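This report concerns only the one structure given below.
The values are calculated or read from the model by the stated rules, or taken from the named source; none is laboratory data. Since the structure is predicted, the reported quantities are computational estimates derived from the model, not experimental observations. A quick note on method: Cβ atoms are made from the backbone with ideal geometry, for glycine too, and the neighbour counts reach across all protein chains shown. When the accessible area is computed, the model is the full protein with side chains, heavy atoms only, and any ligands, DNA or RNA have been set aside. Shrake-Rupley method; radii C 1.70, N 1.55, O 1.52, S 1.80 Å.
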Amino acid sequence: MTTELSLLAWVLVLAVVQVMLPAMWRNRETGLDYNAGPRDEPGPPVGVVTGRLRRAQANLYETLPLFAAAVLIAHVAGREGALTLWGAWLYLGARIVYVPLYAMGVPYLRSAVWSVSLLGLGLILFAILIPG
C-alpha cells in the first residue's frame, strides 16, 4: 500500500475520533441516563466546546470526500509522487492540528491551519490534473 493510501486511512481514523469527541463532550453535559434513554426531550443546551467540536467535525466532512477521491484517483491513475505525498501529509497534519485549535476557540491561526489542509488537497489535485 502506498504512503498516500495509508495517510488516507489515518484521515479516516481522525474522522472516527471527530465523531467520538463531540459525543463524549455532549455526554458530559447531558449525563449517561439521558444518552441511554430515548432523548424525547431536547436536553440541556449544547456547550461551547461541544458546539466547536461538532463544527470541526462538519468542517472535516466538507473536504474529506474530496481528499479521499483525489488520493484514490492519483493512485489508480499512477500519478502518485512528491506532490501527492506532500499534499497528503499536509492535509492530515493540518487536520489534526485544526481540531484542538477549533476546540480552544483560537482565531486566525485556526483558519491558517485550515488553509494548509486545503493546500495539501490542492497539491494532490495539481498532480492529477497537470500532465507530468
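The criterion of being polar (S, T, N, Q), within 20 Å of Ala15 (Cβ to Cβ) and either touching a His at 6+ places or on another chain (Cβ under 9 Å) or without any contact (Cβ under 8 Å) to a residue 40 or more places away in the chain (or both) does not hold for Thr63.
Criterion first (surrounded by 12 or more Cβ atoms within 10 Å (Cβ to Cβ), aliphatic (A, V, I, L, M) and over 16 Å from Arg110 (Cβ atoms)) does Val16 satisfy it?
no
The set of residues in region 48-97 being of a type in the set (Phe, Trp, Tyr), within 10 Å of the chain's Cα centre (by Cα) and open to solvent by 10 Å² or more (accessible area, probe 1.4 Å) consists of Tyr61 alone. Among the residues of region 69-88, some residue qualifies, meaning at least one is free of Cβ contacts under 8 Å to residues at least 24 places away in the same chain, within 30 Å of Met1 (Cβ to Cβ) and outside any helix (DSSP H, G or I). For region 106-127, state whether one or more residues are more than 12 Å from Glu4 (Cβ to Cβ), touching a residue at least 60 places away in the same chain (Cβ under 8 Å), hydrophobic (A, V, I, L, M, F, W, C) and crowded, with 19+ Cβ neighbours inside 10 Å. Among the residues of region 106-127, not one is more than 12 Å from Glu4 (Cβ to Cβ), touching a residue at least 60 places away in the same chain (Cβ under 8 Å), hydrophobic (A, V, I, L, M, F, W, C) and crowded, with 19+ Cβ neighbours inside 10 Å, which makes the answer no.
Taking Pro42 as the residue in question, decide whether it is within 19 Å of Val13 (Cβ to Cβ) and either more than 16 Å from the chain's Cα centre (by Cα) or free of Cβ contacts under 8 Å to residues at least 40 places away in the same chain (or both). No; evaluated as a whole, the condition is false for this residue. For region 104-116, the criterion of being among the charged types (D, E, K, R) and farther than 26 Å from Met20 by Cα is met by no residue. Taken over region 1-49, the residue count meeting the criterion of being within 30 Å of Glu80 (Cβ to Cβ), of a type in the set (A, V, I, L, M, F, W, C) and in a helix (DSSP H, G or I) is 13.
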